[in-house]
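The values are calculated or read from the model by the stated rules, or taken from the named source; none is laboratory data. Every value quoted in this text rests on a predicted model; they were computed, and no experiment measured them. Here the Cβ positions follow ideal geometry from the backbone for every residue, glycine too, while neighbour counts run over all protein chains shown.
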Amino acid sequence: MRRTLIKESKENDFEASMINDTLLSDSAEQLKNSKELYLIHDPSDIRKPHSEKLENLGKVRDLNGNIINGYSTYNIVGIEPGKQNVHLLSHETYSNKDENFLSVKHVEQIENDKDFDDKEAKSKIYDLGSWFNKKTITEKNISGVSNKIKELLPEISLTHILDREFDSEENFKLIDELDDFFVIRGKASRNAKTSNDKLISKDFENSVEFKLEKFTCKRKVYQHATLLVEWEDFAGFNVVRITAKNKDGSNIFKVPMLLFTNKEIKGGESAFLIYKTYMKRSRIETVFKFLKEGMGWEDAQLRDFEGIKNLLAISFFLASYLYEIGEQETHDDFIILLAELGGGKGKVTRHFIFKGIQALLSKYRIDNILEIRKTSPETIQRMNDMTNMTEIVFE
């Protein structure tokens with residue numbers, strides 16, 4: 001398996017990109033009757049704080065914002081409006097310590113002929129045209145996934161949902177030129193186009209208030225909250241500002257939420273819909289939680305970067321399979337058996353199905369070792385007796 005992942009096997013022509021092609025094709029088959037799809041884009045860092053010798057080990061941030069060792073990933077999942085199913089569509093792993101990585105700042109300095117440390121070496125990489133950075137990866141994934149889905153499903157409408165780190169007019173224009181829609185959260189530092197006023201504090205042209213019996217924010221439920229929804233034109237697109245207040249008038253958000261979109265806003269309800277669309281982004285966080293906690297996405301022991309990339313892609317593919325079967329209302333006997341092997345005790349969930357797959361692989365490994373060693377029936381019986389004794393002790 002290791003030789004396959006790091007491409008030492010002569011019979012292996014596996015590329016991580018093959019996973020994305022398969023995921024998109026399979027999802028298109030499931031979505032063939034769908035009219036609209038939300039594409040949720042989000043990076044996820046693979047944190048390796050205690051690693052030092054892994055190939056191409058880059059720099060990422062931990063949960064406290066500190067710089068640590070690790071790798072970067074860019075991921076896209078799809079959901080249909082009004083439905084719970086999550087379709088895992090695209091994954092890419094990269095490192096900012098790759099020899100072809102050029103930061104946006106370095107690219108700008110090279111293009112403007114500015115001096116900086118190591119300019120000669122980085123200029124050679126730039127001239128070869130093989131360089132990349134987070135900006136180019138974002139553009140490639142937005143365009144690539146959009147074009148592939150529309151090639152397979154020409155009539156479907158796509159809405160890209162992205163967080164504030166993707167707040168740039170380049171991304172607005174890119175998605176708009178693809179004839180897709182977008183809802184992108186804006187940075188609090190954003191200025192208005194016609195003045196130096198901050199968008200989070202200036203007067204907006206349109207507004208409406210919504211009274212909500214219950215409002216949930218960061219897993220906390222607020223009773224009788226008020227949502228002030230404001231909107232206006234922003235350089236040919238629209239910006240929506242959301243201010244949430246508790247029943248005592250205190251702010252629920254630290255600062256108002258800004259959302260940019262190229263969707264038409266006809267009134268308060270359609271402006272509020274922009275907010276509800278953006279909030280679908282939380283669905284990808286549950287996918288990352290499952291990948292990291294359930295499938296050990298950050299626990300890969302390979303040192304070769306090619307192997308790490310391929311292993312993460314395969315894990316993403318397996319997660320897609322588990323999401324698909326884990327959300328079905330009925331399950332065949334094989335899936336029920338897998339969940340039982342995983343300790344489900346009648347529950348058929350992604351967690352227990354995955355644990356069942358682990359148990360099945362362990363059995364295969366043990367059976368294979370026993371067969372290779374031509375283990376005698378007596379030794380196997382002793383092993384079984386030891387297992388029974390262990391069960392008695394731990395009960």
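The residues of the stretch 168-183 that are in a helix (DSSP H, G or I) and without any contact (Cβ under 8 Å) to a residue 60 or more places away in the chain, listed by number, are Glu170, Asn171, Lys173, Leu174, Glu177. Between a first residue in the stretch 101-121 that is closer than 20 Å to Thr136 by Cα and a second residue that is aromatic (Phe, Trp, Tyr) and in a helix (DSSP H, G or I), which pairs have beta carbons less than 9 Å apart while being 6 or more apart in sequence or on different chains? Correct list of pairs: Leu102/Tyr126; His106/Tyr126; Val107/Tyr126; Ile110/Tyr126; Glu111/Tyr126.
Answer yes or no: is there a residue in the stretch 154-167 that is of a type outside the set (A, V, I, L, M), loosely packed, with under 13 Cβ neighbours inside 10 Å and outside any loop (DSSP other than H, G, I, E, B). Taking every residue of the stretch 154-167 in turn, none turns out to be of a type outside the set (A, V, I, L, M), loosely packed, with under 13 Cβ neighbours inside 10 Å and outside any loop (DSSP other than H, G, I, E, B). Among residues of the stretch 295-308 that are of a type in the set (Val, Ile, Thr), those with a Cβ under 8 angstrom from a residue that is in a loop (DSSP other than H, G, I, E, B) and modelled with pLDDT of 80 or more, sequence gap 6+ or separate chain, pair up as Ile308/Leu54; Ile308/Glu55. The set of residues from the stretch 185-223 being aliphatic (A, V, I, L, M) and either surrounded by fewer than 10 Cβ atoms within 10 Å (Cβ to Cβ) or touching a Lys or Arg at 6+ places or on another chain (Cβ under 8 Å) (or both) comprises Ala188, Ala192, Leu199, Ile200, Val221. For Ser51, are the conditions met, namely being touching a strand residue (DSSP E or B) at 6+ places or on another chain (Cβ under 9 Å) and outside any helix (DSSP H, G or I)? Yes; evaluated as a whole, the condition is true for this residue. When the criteria are applied in full, Ile46 meets the requirement of being surrounded by 20 or more Cβ atoms within 10 Å (Cβ to Cβ), more than 30 Å from Ser157 (Cβ to Cβ) and touching a residue at least 60 places away in the same chain (Cβ under 8 Å). Here Ile357, Ile308, Ile336 are screened, and the one residue that is within 27 Å of Asp98 (Cα to Cα), surrounded by 15 or more Cβ atoms within 10 Å (Cβ to Cβ) and of a type in the set (Val, Ile, Thr) is Ile308. Inside the stretch 141-175, residues that are more than 15 Å from Lys263 (Cα to Cα), hydrophobic (A, V, I, L, M, F, W, C) and within 17 Å of the chain's Cα centre (by Cα) make up a count of 3.
So that you can scan it fast, the table gives a plain yes or no per residue for (1) in a strand (DSSP E or B); (2) crowded, with 21+ Cβ neighbours inside 10 Å:
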position	(1), (2)
Ile19	no, yes
Asp26	no, no
Asn33	no, no
Asn69	yes, no
Ile76	yes, yes
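In the stretch 210-218 there is at least one residue matching the filter, namely being in contact (Cβ under 8 Å) with a residue 40 or more places away in the chain and either in contact with a Leu (Cβ under 6 Å, 6 or more places away or on another chain) or not hydroxyl-bearing (Ser, Thr, Tyr) (or both). Quick check on Val255: is it surrounded by fewer than 13 Cβ atoms within 10 Å (Cβ to Cβ) and either under 26 Å from Asp42 (Cβ atoms) or in contact (Cβ under 8 Å) with a residue 60 or more places away in the chain (or both)? Criteria met by Val255. Is it the case that some residue within the stretch 80-94 is over 28 Å from Lys280 (Cβ atoms) and part of a strand (DSSP E or B)? No, the conditions are met nowhere in the stretch 80-94.
When each of Glu170, Glu139 is tested for being closer than 27 Å to Glu99 by Cα, at pLDDT 95 or above, among the acidic types (Asp, Glu) and surrounded by 13 or more Cβ atoms within 10 Å (Cβ to Cβ), the lone residue that passes is Glu139. Of the set (1) outside any strand (DSSP E or B); (2) surrounded by 15 or more Cβ atoms within 10 Å (Cβ to Cβ); (3) among the polar types (S, T, N, Q), all apply to Thr226 but (1).
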